[in-house]
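First comes the structure, then the notes that go with it.
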Amino acid sequence: MRFRTVLAGICALFPVVLFPGFSASAKTPVTARHGMVVAQEPIAADVGLAVLKHGGNAVDAAVAVGFALAVTHPAAGNIGGGGFLLVRLANGKSYFVDFREAAPGKASRNMYIGPDGKPTKDSLFGWRASGVPGSVKGFAEAHEKWGTKKWAELLAPAVNLARNGFTVDKTLAGEIAGSTANLENDPESKRIFLRDGKPYKAGETFRQPELADTLGRIAANGARDFYEGETARKLAAAMAAHGGLITEADLKNYRAIDRKPLEGGYHGYEIITAPPPSAGGLGILQMLGILNGTGFESDGPNSVKAVHYTTEAMRRFYADRSEYLGDPTYYDVPVQQLLSPRYLAERRDSIDPARATPAAGIQPGRILSAAAHVNQRESSETTHFNIVDAQGNAVAVTYTLNNSFGSGVTVPGLGFLLNDEMDDFAAKPGSPNMFGLIGADANAIQPGKRPLSSMNPTIVTRGGKLFMAVGAPGGSRITTGVLQVILDAIDFHMNPQDAVDLPRFHDQWKPDILYLQKGFNPDVEAALVKMGYNIQPINDVARVEAIIARNGLLEGGTESRHNGKVVGY
Ligand code: GLY
């Protein structure tokens with residue numbers, strides 16, 4: 001009692017430093033000795049675990065999980081979208097498969113500018129919103145290079161789940177209900193996902209026979225079916241019939257690209273992450289580089305000092321993102337300059353230790369209102385999974401349809417949803433996309449080009465040994481969310497469960513708003529307001545998942561706020 005009174009007195013004097021806003025998770029991380037899968041949908045996580053237990057490696061499991069999610073998590077799991085796969089093999093070599101969607105051959109720079117000069121909604125909804133899908137090619141490429149099990153065997157669970165159905169849980173029922181407006185515009189989506197006005201409730205069985213047929217052909221004939229076979233022909237014909245852009249030639253020409261992962265050091269750890277056309281990986285390295293040496297960590301996680309310096313690093317990265325980042329095949333992205341120690345020191349030195357640096361004065365753009373951000377449903381758009389196997393191979397995959405349920409279009413007879421990834425391009429310089437992100441020439445639309453992404457599957461090592469696999473969905477908040485979980489693990493020594501559950505913050509330079517998740521110490525918030533931050537609440541800052549390897553054990557964390565699952569053996 002006496003101690004409490006004294007403590008309360010001390011807190012009144014130094015509230016911010018003593019109560020930095022840290023709240024430990026009620027959950028302990030799941031641990032396992034041999035292999036682990038963390039995914040955002042439980043059935044798919046179990047599919048991955050079964051592959052590992054039957055002797056498949058992490059890449060085999062990733063292929064199986066990727067296709068299973070296309071059935072059980074249709075809001076984001078997909079064969080009609082694209083993404084990134086990062087693998088670090090047990091021999092220490094790392095590889096990155098870019099299977100991001102590509103703009104169709106008929107795409108053009110101003111295709112989403114209306115007669116009034118403003119961007120239309122065509123980049124988000126309907127047949128014209130889709131880039132050429134990359135997921136099937138991406139998984140096929142990874143399988144060909146590093147897989148050990150038969151392709152058809154790895155797709156069998158997905159075919160089975162689509163054919164025989166699975167039990168809808170509350171999360172899926174809620175995601176479908178939340179996307180009614182998107183899905184009801186397309187007759188096939190309305191029929192399949194909304195059952196023509198009687199959407200699936202939790203506990204009901206959801207069967208997808210057309211998707212089962214498509215997956216069955218891909219299982220039997222490989223990625224060829226999707227890019228040159230029956231699926232390709234039907235997809236291109238449907239596109240032509242509905243004013244879409246993707247042709248058989250686009251599909252045939254699509255390539256998954258092997259890129260060198262970006263790598264950098266931070267506080268004794270090696271960070272291996274996504275290169276452009278991800279902006280996220282460069283963002284992670286840039287923000288870590290800016291933070292390094294600021295002492296931001298001295299008062300603990302979510303302290304005023306930690307939030308201030310991290311936010312300032314975020315703002316500087318997002319300003320660079322808008323100008324310099326795009327598909328490196330089409331735009332000379334100045335990666336070296338943006339990550340050079342000298343440049344990072346300049347950016348670091350521009351931070352005022354006591355004041356927020358306002359976003360004003362940097363190139364203007366029409367931005368999403370604060371309210372639009374707060375109310376955005378997070379984050380059934382995009383999904384991420386991490387897998388580590390008994391040999392020590394690690395895989396981190398983030399892939400997406402962009403918006404939840406993508407463009408809302410399901411290809412008739414094929415049963416899969418199409419992406420609206422074209423919205424990740426800068427449709428008009430300075431005009432924000434769905435995530436409020438702005439861009440310029442670097443990310444302008446060109447045929448064949450891949451839109452800039454925030455997705456950044458990341459693997460962290462220490463002394464050449466695997467330490468962490470991490471990633472998230474969440475649009476523009478992916479990068480800031482993943483950054484914070486890396487800081488929590490490295491600088492604040494948290495286990496992955498505490499790290500992913502800790503409340504997070506997000507700032508993307510424009511709008512000039514610092515978003516805070518629920519759970520921050522009010523004294524911290526008040527101090528940040530005094531420093532000049534315009535603070536708004538936000539539901540989620542990405543949905544981060546992580547595996548940490550230490551002391552011969554794998555520890556997994558998936559946010560208690562959501563429905564993911566960690567499984568291991
Ligand atoms: N579609 C979201 C992203 O790639 O950042």
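The values are calculated or read from the model by the stated rules, or taken from the named source; none is laboratory data. All values reported here derive from a predicted model rather than from experimental measurement. Ideal geometry is used to build each Cβ from the backbone, glycine not excepted, and the neighbour counts take in all protein chains shown.
If we keep just the residues of region 116-136 that are surrounded by fewer than 24 Cβ atoms within 10 Å (Cβ to Cβ) and either among the hydroxyl-bearing types (Ser, Thr, Tyr) or out of contact with any Ser or Thr (no Cβ under 9 Å at 6 or more places or on another chain) (or both), which is farthest from residue 452 (Cα to Cα)? Out of the qualifying residues, it is 116. Residue 468 passes every criterion in (1) surrounded by 24 or more Cβ atoms within 10 Å (Cβ to Cβ); (2) within 15 Å of the chain's Cα centre (by Cα) apart from (2).
Residue by residue, here is whether (1) at pLDDT 95 or above; (2) within 16 Å of the ligand (Cβ to nearest atom); (3) part of a helix (DSSP H, G or I) holds:
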{"site": "396", "(1), (2), (3)": "yes, yes, no"}
{"site": "419", "(1), (2), (3)": "yes, yes, no"}
{"site": "437", "(1), (2), (3)": "no, yes, no"}
{"site": "446", "(1), (2), (3)": "yes, no, no"}
{"site": "455", "(1), (2), (3)": "yes, yes, no"}
{"site": "481", "(1), (2), (3)": "yes, yes, yes"}
{"site": "494", "(1), (2), (3)": "yes, no, no"}
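Looking at region 457-467 only, could you name the residues that are assigned to a loop (DSSP other than H, G, I, E, B) and either away from the ligand (no atom under 16 Å from the Cβ) or aromatic (Phe, Trp, Tyr) (or both)?
First, pick out the residues of region 457-467 that are assigned to a loop (DSSP other than H, G, I, E, B): 457, 463-464.
Result: 463, 464.
Taking region 448-465, which residues are of a type outside the set (Ser, Thr, Tyr) and farther than 26 Å from residue 82 by Cα? Across region 448-465, the qualifying residues are 462, 463, 464, 465.
Between 488, 424, the distinction of being within 16 Å of the ligand (Cβ to nearest atom), out of contact with any Cys (no Cβ under 6 Å at 6 or more places or on another chain) and at pLDDT 95 or above belongs to 424 only. Among the residues making up region 471-508, a single one is surrounded by 24 or more Cβ atoms within 10 Å (Cβ to Cβ) and among the aromatic types (Phe, Trp, Tyr): 505.
Restricting the search to strands (runs of 3 or more DSSP E) fully inside region 497-569 and requiring at least 3 residues that are within 19 Å of the chain's Cα centre (by Cα) gives 545-550, 553-558.
Counting just the residues of region 497-506 that are under 18 Å from residue 297 (Cβ atoms) and touching a Gly at 6+ places or on another chain (Cβ under 9 Å), which one comes out farthest from the ligand (Cβ to nearest atom)? My answer is 498. Please verify whether residue 470 is closer than 27 Å to residue 539 by Cβ, among the β-branched types (Val, Ile, Thr) and away from the ligand (no atom under 14 Å from the Cβ), treating the condition exactly as stated. Criteria met by residue 470.
Would you mind finding the one in 291, 344, 339 that is closer than 29 Å to residue 88 by Cα and at pLDDT 95 or above?
Details: 344 fails: at pLDDT 95 or above; 339 fails: at pLDDT 95 or above.
From the options 291, 344, 339, the qualifying one is 291.
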